[in-house]
Amino acid sequence: MREFVFTARYERGADSLMDVFISYPELVGRALRIAGSSSGLWRVDRFVGPEDALNEVERVMTDHSVCNECLGEHPGCTIEGEYEVVAEENGSRLIYAYTSGGRYCHSIPFFTTQTVGNGALFDARRRENVYEWRVLLPGETKGGEIFDQLQDGLPKGVNISLSQVGSPSAWPRPDLSQMNLPYDQRQAIEAAVECGYYGTPREASLGDVAAALDLPKSTLRYRLRKAEEWLTNTVFSGATHDTEEV
């Protein structure tokens with residue numbers, strides 16, 4: 001297997017779904033499951049962010065006049081598919097999508113399937129203006145073939161790059177994904193990191209981070225404590241089972 005990373009960067013106005021991520025930089029989208037074949041694409045995505053952003057994501061994704069997989073608007077794509085919100089929590093939304101073969105005609109999973117058949121594995125995530133796909137391809141498949149097809153007819157406002165990782169790297173474990181953190185806790189710990197709260201020496205106080213988020217210190221302290229508890233439990237849970245006595 002060989003791993004390739006396709007990275008699409010969007011300008012505002014080039015894609016209605018990516019416009020939501022551009023408007024809400026704190027919004028994150030991650031595919032939990034993707035299955036692609038010549039007959040269609042099935043996927044389940046988890047989106048984490050503020051409620052207004054999640055409402056916009058749902059509105060765009062359930063709009064059957066929009067091709068959410070295409071790298072821009074392509075009139076030749078058929079409009080067939082299903083979208084369903086399968087779980088909704090405060091700060092996150094789980095959305096199931098099925099699109100027919102033609103529905104995602106100018107997309108990374110479509111051209112990959114057309115090139116290698118049904119043997120590829122996908123991981124995808126969205127944030128700000130970036131839509132990144134990590135693809136595991138069987139055998140000696142060249143990612144450049146797929147890249148060339150994507151470049152042909154790429155619309156204005158969308159740029160795509162390709163990098164080859166080579167042998168498969170460690171794909172993120174689902175239990176270690178930041179997507180499992182509630183939005184408010186992820187926002188708190190990201191802000192703390194950006195402000196230098198966890199730096200050595202510490203570059204910001206708890207009050208500095210709270211001010212940056214416009215939160216009471218007590219609220220921030222609680223959110224950081226919960227996020228740190230999750231990180232610690234996730235990293236060290238089962239640790240005793242990974243070693244054995246000699």
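Kindly indicate whether G101 is touching an Asp or Glu at 6+ places or on another chain (Cβ under 7 Å), modelled with pLDDT under 90 and either surrounded by 15 or more Cβ atoms within 10 Å (Cβ to Cβ) or within 30 Å of Q164 (Cβ to Cβ) (or both).
Spelling it out, it is not the case that G101 is touching an Asp or Glu at 6+ places or on another chain (Cβ under 7 Å), modelled with pLDDT under 90 and either surrounded by 15 or more Cβ atoms within 10 Å (Cβ to Cβ) or within 30 Å of Q164 (Cβ to Cβ) (or both).
Scan the stretch 54-67 residue by residue and report those that are within 13 Å of E88 (Cα to Cα) and among the hydrophobic types (A, V, I, L, M, F, W, C). Can you show your working first?
Of the stretch 54-67, the ones within 13 Å of E88 (Cα to Cα) are 54-55, 57-58.
Answer for the stretch 54-67, where residues must be within 13 Å of E88 (Cα to Cα) and among the hydrophobic types (A, V, I, L, M, F, W, C): L54, V57.
Kindly evaluate D52 against the criterion of being modelled with pLDDT under 85, farther than 28 Å from G119 by Cα and not polar (S, T, N, Q).
For D52, the condition - modelled with pLDDT under 85, farther than 28 Å from G119 by Cα and not polar (S, T, N, Q) - is not met.
I'd like the full set of residues that are assigned to a helix (DSSP H, G or I) and within 23 Å of the chain's Cα centre (by Cα), limited to the stretch 115-148.
Scanning the stretch 115-148 gives G143, G144, I146, F147.
Table: residues versus (1) outside any helix (DSSP H, G or I); (2) among the small types (G, A, S); (3) modelled with pLDDT of 85 or more; (4) open to solvent by 80 Å² or more (accessible area, probe 1.4 Å).
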site: R221; (1), (2), (3), (4): no, no, yes, yes
site: A227; (1), (2), (3), (4): no, yes, no, no
site: N233; (1), (2), (3), (4): no, no, no, yes
site: V246; (1), (2), (3), (4): yes, no, no, yes
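From L17, L41, L27, L32, grab the single residue that is touching a Ser or Thr at 6+ places or on another chain (Cβ under 7 Å) and of a type in the set (A, V, I, L, M, F, W, C).
The unique qualifying residue is L41.
Which condition number in (1) assigned to a strand (DSSP E or B); (2) touching a helix residue (DSSP H, G or I) at 6+ places or on another chain (Cβ under 7 Å); (3) in contact (Cβ under 8 Å) with a residue 24 or more places away in the chain is the one that E69 fails?
It fails just one condition, (1).
Consider S167 against the criteria (1) more than 30 Å from T219 (Cβ to Cβ); (2) modelled with pLDDT of 80 or more: it satisfies all of them except one. Which criterion is unmet?
That leaves (2) as the condition not met.
One line per residue, one yes/no per condition, for (1) more than 30 Å from Q164 (Cβ to Cβ); (2) out of contact with any strand residue (DSSP E or B) (no Cβ under 8 Å at 6 or more places or on another chain):
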{"position": "F4", "(1), (2)": "no, no"}
{"position": "L27", "(1), (2)": "no, no"}
{"position": "S39", "(1), (2)": "no, no"}
{"position": "D45", "(1), (2)": "no, no"}
{"position": "P50", "(1), (2)": "yes, yes"}
{"position": "N55", "(1), (2)": "yes, yes"}
{"position": "V60", "(1), (2)": "yes, yes"}
{"position": "G81", "(1), (2)": "yes, no"}
{"position": "G91", "(1), (2)": "yes, no"}
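In the stretch 52-62, which residue that is more than 12 Å from A97 (Cβ to Cβ) and of a type outside the set (S, T, N, Q) is most open to solvent (accessible area, probe 1.4 Å)?
Result: R59.
Taking the stretch 1-37 on its own, how many of its residues are open to solvent by 60 Å² or more (accessible area, probe 1.4 Å) and over 27 Å from A191 (Cα atoms)?
Count: 4.
Table: residues versus (1) modelled with pLDDT of 85 or more; (2) open to solvent by less than 50 Å² (accessible area, probe 1.4 Å).
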| position | (1), (2) |
| --- | --- |
| R93 | yes, yes |
| A120 | no, yes |
| G139 | no, yes |
| V158 | yes, yes |
| S163 | yes, no |
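The values are calculated or read from the model by the stated rules, or taken from the named source; none is laboratory data. What you see is a predicted model, and the numbers here were worked out from it, not measured in a lab. All Cβ positions, glycine included, derive from the backbone under ideal geometry; neighbour counts span all protein chains shown. The protein model used for the area step is the full one, side chains on, heavy atoms only, and it has no ligands, DNA or RNA in it. Shrake-Rupley method; radii C 1.70, N 1.55, O 1.52, S 1.80 Å.
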